[in-house]
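Throughout, read-outs are computed from the coordinates displayed, never taken from laboratory work. All values derive from a computational prediction rather than experimental measurement. Reconstructed Cβ throughout: ideal geometry from the backbone, glycine too, with neighbour counts over all protein chains shown.
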Amino acid sequence: MNQISAPQLPDMNAVWQETLNWQPTPEQQVLFQQLFELIIQFNQQLNLTRITEPQEFWEKHLWDSLRGISFLLSEKNLLSPGTKFIDIGTGGGFPGIPLAVIFPESSVTLLDSTRKKITALTTILEELKINNTIPWVGRAEALGQHPKHRESYDFALLRAVAPPSVSAEYALPLLKVGGTAILYRGHWTPEEEQQLISAVKQLGGVLESVDGFTTPLTQSIRHCLYLKKVRPTAKQYPRAIGIPGQKPL
Ligand code: SAM
């Protein structure tokens, strides 16, 4: 593959500090820059992301990914070595890869049903020497019934994968009781909230909180939904591949 150079990501230390009360270390900043360069490079062959401008990449991929888990930046005691995350429908690696960079003692499974994307991410992660991720090709509906994966994760993250109640059916079976699913959304309505609450209840969870905010550069509207698993999910969930999307709870 031809080596192409990507522009520098902007210096956003002041914005990280102001918005998340946190800043990446110089080593983490280097990894973010290298990640950007490799994604631009792989994007020549494969559509990993349509976000390729440096400012937009910083805001929509790096900042947005970490904003959803910013409570873990301030409450470090919620993490222990070996805390298990799964990013369901990771695509070009978001939100999972920025998380793996900043929490090197955690394990981050990057799940996507498209083999080519996971193959590209595997190469990118090898080049970056990020070794706390598990890239995995598969469908969330199948993984949720897999004995090694079911009820085994502390956190499940989903961004731009499926409607809210479908995302909940993908995520909750994979969580331990006490685990949290984080759904990254744009706009959010009371009608969507009612539907989600009912679906989450059937899956053994509760909608714990809804966090609305705007992004720091373009003031785009975002909502993060936090679902807590409070009891084991009934065996019939997730339903067979394709059914959650066709017949949302
Ligand atoms: N999360 C990334 C982001 O926000 O940039 C990528 C979003 S992309 C629009 C959605 C991804 O979810 C695609 O790569 C697709 O292959 C994957 N996907 C959709 N349904 C899935 C399922 N049931 N199981 C696993 N991956 C799925």
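Taken residue by residue, the range 188-195 has no member that is within 16 Å of the ligand (Cβ to nearest atom) and part of a loop (DSSP other than H, G, I, E, B).
Of TYR184, TYR153, TYR170, all but one fail to be within 12 Å of the ligand (Cβ to nearest atom), surrounded by 20 or more Cβ atoms within 10 Å (Cβ to Cβ) and closer than 17 Å to LEU72 by Cα; the exception is TYR184. If you go through the range 59-82 and keep only what is among the aromatic types (Phe, Trp, Tyr) and away from the ligand (no atom under 14 Å from the Cβ), you end up with just PHE71.
This table checks each residue for (1) closer than 19 Å to ARG222 by Cβ; (2) within 12 Å of the ligand (Cβ to nearest atom).
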position	(1), (2)
GLY89	yes, yes
LEU110	no, yes
THR114	no, yes
ILE124	no, no
LYS148	no, no
PRO163	yes, yes
VAL177	no, no
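Of the residues examined, ALA162 is not one that is hydrophobic (A, V, I, L, M, F, W, C) and touching a strand residue (DSSP E or B) at 6+ places or on another chain (Cβ under 8 Å). Applying the set (1) within 15 Å of the chain's Cα centre (by Cα); (2) near the ligand (Cβ under 9 Å from one of its atoms) to ILE51 leaves exactly one unmet item: (1). Does any residue of the range 45-58 turn out to be among the hydrophobic types (A, V, I, L, M, F, W, C), over 25 Å from PHE213 (Cα atoms) and touching a helix residue (DSSP H, G or I) at 6+ places or on another chain (Cβ under 7 Å)? Within the range 45-58 (the criterion being among the hydrophobic types (A, V, I, L, M, F, W, C), over 25 Å from PHE213 (Cα atoms) and touching a helix residue (DSSP H, G or I) at 6+ places or on another chain (Cβ under 7 Å)), the answer is yes, since at least one residue qualifies.
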